[in-house]
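Visitor: The following block contains the structure, expressed as structure tokens.
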Amino acid sequence: MFKNTLKNFTIIAVQLSLFSSVSLADDHKGKPKISVFLVDGQNNHDWKRCSPVMIDTLNATGRFSIERAIVTKEDIADFKPNFGKYDVVLSNYNGEPWLQETQVSFVKYMKNGGNLVVVHAADNSFPKWKEFNEMIGLGGWKGRNEKDGPYVYWKGGKIVRDESKGKGGSHGRPWEYKVVVREKKHPITRGLPTEFLMVKEELYDRLRGPAKNMTVLATAFAEGGSERHEPVLMTIKYGKGRVFHTVMGHSHTSMGGVAFQETLIRGTEWAATGKVTFPPVTAEILPVERAAYRQIEEIKALN
Ligand SMILES: [Zn+2]
């Protein structure tokens, strides 16, 4: 059940943070930790192996404390969390609709300044939930098409909103794709190389959605897919809330890519606080000529 899962996980999170406080340097000492509420439990991807990688990655920085809610189909009836307890909700959830009252409570949380991080297939979820689609800006699959909003991509030096008809959501074969920063002044991207290579995974393309109050921070060319420069990192303003949406993170393996790690870390801190306090990521750490992987221990050593 949801409650038991949360309780069990809380214990794990505390143990990790104790370890972190011993092993990590002073960068974030004295600052209260950012409380993250990770939701998973249903996904067409391997959430059982993916979520622990995200938890370990965030914990390795010493900046976050994480609680996890595993919401299986059977748990939905009991899933009525107090979202307001958390600085940011991290969704790795692509499953059945939540209860109406939970949806209402989540919208209220976001409108009042709650925050959200959406990872990869989490943007497939809730195709009929209007407010959620406004939060994520763009989504894919599950019947999405022109009724849900435009295609959005980079063309001729600017972002294009393409209202043409067609399905929302597809991807080509997995490959190492080059991410190009388009918005260099945003706190998330300001400290990143302007171009870098993501490790091998599928690249989402042809996503569709309302794309209101959305900023595309970075794109990647969908070779063998849409053949367009597709949004990879996005931010959305929803009410008083901040949303960071990354299409990266297909598998627990590709989540070991430095591109995923650094954008998750920076994006989660930004969503929660509006700032990024982590030092810039050099082209040595996040290169464009090779797709870099990194062990969790190496992240720990940096912090
Ligand atoms: Zn995928």
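Visitor: Specify the residue that is nearest to the ligand (Cβ to nearest atom); the eligible residues are those in the stretch 32-75 that are among the polar types (S, T, N, Q) and closer than 26 Å to Thr273 by Cβ. I'd like the intermediate steps shown before the answer.
Guide: Let us first name the residues in the stretch 32-75 that are among the polar types (S, T, N, Q), namely 35, 42-44, 51, 57, 59, 61, 65, 72.
Now drop any that are not closer than 26 Å to Thr273 by Cβ, which leaves 35, 51, 57, 59, 61, 65.
On the way: Ser35: 27, Ser51: 14, Thr57: 18, Asn59: 24, Thr61: 25, Ser65: 28 Å.
Among those residues, the one meeting the criterion is Ser51.
Visitor: Another one. In the stretch 76-112, which residues are within 16 Å of the ligand (Cβ to nearest atom) and in contact with an Asp or Glu (Cβ under 6 Å, 6 or more places away or on another chain)? Can you show your working first?
Guide: Taking the stretch 76-112 as the starting set, the residues that turn out to be within 16 Å of the ligand (Cβ to nearest atom) are 91-95.
Result: Asn92, Tyr93.
Visitor: Given the criteria over 27 Å from Ala291 (Cα atoms) and either part of a loop (DSSP other than H, G, I, E, B) or of a type in the set (D, E, K, R) (or both), does Lys165 qualify? Quick ask: steps written out before the conclusion?
Guide: Values: over 27 Å from Ala291 (Cα atoms): yes; either part of a loop (DSSP other than H, G, I, E, B) or of a type in the set (D, E, K, R) (or both): yes.
Considered against the rule, which asks whether it is over 27 Å from Ala291 (Cα atoms) and either part of a loop (DSSP other than H, G, I, E, B) or of a type in the set (D, E, K, R) (or both), Lys165 comes out as yes.
Visitor: Can you tell me which residues in the stretch 77-109 are outside any loop (DSSP other than H, G, I, E, B) and under 28 Å from Arg49 (Cα atoms)?
Guide: The answer is Ala77, Asp78, Phe83, Gly84, Lys85, Val88, Val89, Leu90, Ser91, Thr102, Gln103, Phe106.
Visitor: Check the stretch 190-200 and report whether any residue there is closer than 21 Å to Glu269 by Cα and within 16 Å of the chain's Cα centre (by Cα). Write out each step before concluding.
Guide: We begin by selecting, within the stretch 190-200, every residue closer than 21 Å to Glu269 by Cα; these are 190-194, 196, 198.
Still in the list and also within 16 Å of the chain's Cα centre (by Cα): 198.
Yes, the stretch 190-200 contains at least one residue that is closer than 21 Å to Glu269 by Cα and within 16 Å of the chain's Cα centre (by Cα).
Visitor: Going by what's in this entry, would Val160 be described as outside any loop (DSSP other than H, G, I, E, B), away from the ligand (no atom under 16 Å from the Cβ) and over 19 Å from the mean Cα position of the chain (by Cα)?
Guide: Working: outside any loop (DSSP other than H, G, I, E, B): yes; away from the ligand (no atom under 16 Å from the Cβ): yes; over 19 Å from the mean Cα position of the chain (by Cα): yes.
Here the answer is yes, as Val160 does meet what is asked.
Visitor: Let me ask something else about it. Pick from the stretch 168-184 the residues that are touching a helix residue (DSSP H, G or I) at 6+ places or on another chain (Cβ under 7 Å) and part of a strand (DSSP E or B): which of them is surrounded by the most Cβ atoms within 10 Å (Cβ to Cβ)?
Guide: Looking at residues that are touching a helix residue (DSSP H, G or I) at 6+ places or on another chain (Cβ under 7 Å) and part of a strand (DSSP E or B), I get Val179.
Visitor: Filter the stretch 185-216 down to residues that are within 16 Å of the ligand (Cβ to nearest atom) and of a type in the set (A, V, I, L, M) and give me whichever is surrounded by the fewest Cβ atoms within 10 Å (Cβ to Cβ). First the steps, then the outcome.
Guide: Taking the stretch 185-216 as the starting set, the residues that turn out to be within 16 Å of the ligand (Cβ to nearest atom) are 198-207.
From what's left, of a type in the set (A, V, I, L, M): 198-199, 203, 207.
Details: Met198: 26, Val199: 23, Leu203: 26, Leu207: 31.
Filtering the stretch 185-216 for residues that are within 16 Å of the ligand (Cβ to nearest atom) and of a type in the set (A, V, I, L, M), the one surrounded by the fewest Cβ atoms within 10 Å (Cβ to Cβ) comes out as Val199.
Visitor: Hey, could you check the stretch 113-153 for residues that are within 16 Å of the ligand (Cβ to nearest atom) and among the β-branched types (Val, Ile, Thr) and say which is surrounded by the most Cβ atoms within 10 Å (Cβ to Cβ)? Explain how you work it out, then say what you get.
Guide: Within the stretch 113-153, the first condition is being within 16 Å of the ligand (Cβ to nearest atom), and the residues that meet it are 118-125, 136, 138-142, 144.
Add one more test, that the residue is among the β-branched types (Val, Ile, Thr), and what stays is 118-119, 136.
Details: Val118: 29, Val119: 31, Ile136: 26.
This residue is Val119.
Visitor: Sticking with this structure for a sec: Write out, first by first residue and then by second, each pair whose Cβ atoms fall under 6 Å of each other, whose residues are 6+ apart or on separate chains, and whose first residue, in the stretch 81-94, is without any contact (Cβ under 8 Å) to a residue 40 or more places away in the chain and farther than 15 Å from Phe126 by Cα while the second is of a type outside the set (D, E, K, R) and surrounded by 21 or more Cβ atoms within 10 Å (Cβ to Cβ).
Guide: Listed by first residue and then by second, the contacts come to Gly84/Tyr109.
Visitor: So, one more: If only one of Lys240, Lys165 is in contact (Cβ under 8 Å) with a residue 40 or more places away in the chain and away from the ligand (no atom under 14 Å from the Cβ), which one is it?
Guide: Values: Lys165 fails: in contact (Cβ under 8 Å) with a residue 40 or more places away in the chain.
Answer to the selection: Lys240.
Visitor: For the stretch 255-303, how many residues meet the condition of being among the polar types (S, T, N, Q), farther than 17 Å from Ala60 by Cα and without any contact (Cβ under 8 Å) to a residue 60 or more places away in the chain?
Guide: Step one: filter the stretch 255-303 for residues among the polar types (S, T, N, Q), giving 261, 263, 268, 273, 277, 282, 295, 303.
Imposing the further condition that a residue be farther than 17 Å from Ala60 by Cα reduces the set to 273, 282.
Filter once more, keeping what is without any contact (Cβ under 8 Å) to a residue 60 or more places away in the chain: none.
Within the stretch 255-303, residues that are among the polar types (S, T, N, Q), farther than 17 Å from Ala60 by Cα and without any contact (Cβ under 8 Å) to a residue 60 or more places away in the chain number 0.
Visitor: Considering (1) surrounded by 15 or more Cβ atoms within 10 Å (Cβ to Cβ); (2) more than 18 Å from the chain's Cα centre (by Cα), say which one Leu99 fails and leave the rest.
Guide: (1) is the only condition that Leu99 fails.
Visitor: Could I ask something else about it? Mind checking which residues of the stretch 251-271 are among the β-branched types (Val, Ile, Thr) and out of contact with any Leu (no Cβ under 7 Å at 6 or more places or on another chain)?
Guide: Kept after step one, since they are among the β-branched types (Val, Ile, Thr), are these residues of the stretch 251-271: 253, 258, 263, 265, 268.
Across the stretch 251-271, the qualifying residue is only Thr253.
Computed from the coordinates by the stated procedures, all read-outs in this text should not be read as laboratory data. Keep in mind the model is a prediction, meaning the values are calculated, not measured. Note that we place each Cβ from the backbone using ideal geometry, even for glycine, and neighbour counts take in every protein chain shown.
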